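Working notes for the structure below.
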Amino acid sequence: MKKIILFIEGIETQEYFSKQLAKTFRSLGHEIFLFQLLKERESFIKLYRFIEKENTVMLTFNFHGLCGEECFYKENKIFWEEQEIPCYNIVLDHPFYYHKFGKYIPPDYTQISIDRGHENYMKRFFPSIKLGPFLPLAGSKVRKKGWEERRQDIVFTGNYTPPQKFNQYVDRIDEEYREFYQAIIDDLILHPSIAMEEAFEKHLVTAIPGICDEDLKVCMENMIFIDLYVRFYFRGLVVKTLVDYGYPVHVYGSGWNLLECIHPENLIVHGPQDSIGCLKAIADSRISLNVMPWFKDGAHDRVFNSMLNGAVCLSDDSKWMRENLEEGKEIVCYSLEHVDELPVIVSELLKQPERMKEIAYLGFKKANTYHTWGCRARILSDLFEILNMEEEKK
């Protein structure tokens, strides 16, 4: 397929990813249409002029264009189906966030997962949905600074929400439900290597012996606040541990003024940033701290952004990362089960600047070869070309 439709003006990070993909798509000879979600009517008119049947594909993130928008869904008709446009959707979160959008999926639809656990979830609970190739997230780079030019030892890019904000969902029904939800939260905090759906199912099967998969699906989509609770619990714990030990940590994102710590003077809050701002912050640091958003068999873009911008990525790991990134050489990992060991890991790194430079160099080399958005665009372009050839054979 020569023509590709992408979406912008929704979530800033997703717009940035789309524009990064578009750069490489264009270099590969594709024509690109960037549908403006905030100018739906104007964009829709232009989209009609762009479309060429049997030569156009739609690529989106997190169901943009596939969640019942008025311009695409009218009188039980789906625009993508009428125009015979194959739709590819890269889902950036756990699939249980998006069960409700299943009713909008057109016939020619393919879902792409960024975590192999998410892929397995789809195979089990939504076997009728076609899955594309597993595609981990990717990173981007800005102008890299020399090691001595970097002004910050430790940086974290991402927002923070105090976990207690989610207590309103834990406590929303009655004491029995509160205890049930709290037991799952406690289990995940005590055993952070467990996948979210694994913890959900474990506790649901105990509470409701013989529960079927259909009921499991319904329960899981109603417990996504637990994913957010635990995610921010560890995000706060990791930063707080270093801050209270005495390390200044530069945080870029909203909500960090709400983090309770003993030594707030070491928490240097820079406020919200867009994607470019975050990349520049990483490029100005020696250690880029990461806490995975409960991807147990994939990787977050923060990992690759860190590597591509010349910082040492210090992160908890996943099965995919253990198989594809060399720990201690291309990345440095810590355990969520032993966050108290982080200060020692940081201390050892900062004592060995030459080792840090080597890790940063090898990390950059790996990410620049395999984990840029350009790399992902080439995989997707090949996928679309295969689709085109299959259509021509029919």
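Based on the alpha-carbon gyration tensor of region 165-221 and its eigenvalue square roots a ≥ b ≥ c, which shape applies: rounded if a/c is under 1.5, prolate if not and a/b is larger than b/c, or oblate?
Oblate shape, in that a/c is at least 1.5 and b/c is the bigger or equal ratio.
I need the helices of the chain that pass two filters: whole DSSP H segments spanning 20 Å or more by Cα along the axis, and mean Kyte-Doolittle score no lower than -1.0.
Working: long enough: 12-27 (23 Å, -1.21); 175-190 (22 Å, -0.15); 224-245 (32 Å, 0.94); 353-370 (26 Å, -0.86); 373-393 (30 Å, -0.31).
What comes out of the filter, once short or polar helices are dropped, is 175-190, 224-245, 353-370, 373-393.
Using the number of other C-beta atoms within 10 angstrom as an exposure proxy, rank D244, D215, D174 with the fewest first.
Ascending number of Cβ neighbours within 10 Å: D174, D215, D244.
Give the cross-link partners of K77 among the lysines, using a straight C-alpha distance below 20 Å as the criterion and excluding same-chain residues fewer than 8 apart.
In chain and number order, the partners are K46, K53, K100, K103.
Normalised by the number of residues in the chain, what is the relative contact order in percent for Cα pairs under 8 Å and 6+ residues apart? Spell out each step's value before the answer.
Values: 649 pairs, mean separation 70.3, N = 394.
Contact order relative to length: 18 percent.
Which net charge results when you count Lys and Arg as +1 and Asp and Glu as -1 among the other residues whose beta-carbon is under 14 Å from that of R172? List each step's numbers first, then the result.
On the way: positive: K165, R178; negative: D171, D174, E175, E176, E179.
Computed value for this residue: -3.
Computed from the coordinates by the stated procedures, all read-outs in this text should not be read as laboratory data. All values derive from a computational prediction rather than experimental measurement. Here the Cβ is made from the backbone with ideal geometry for all residues, glycine too, and neighbour counts use every protein chain on show.
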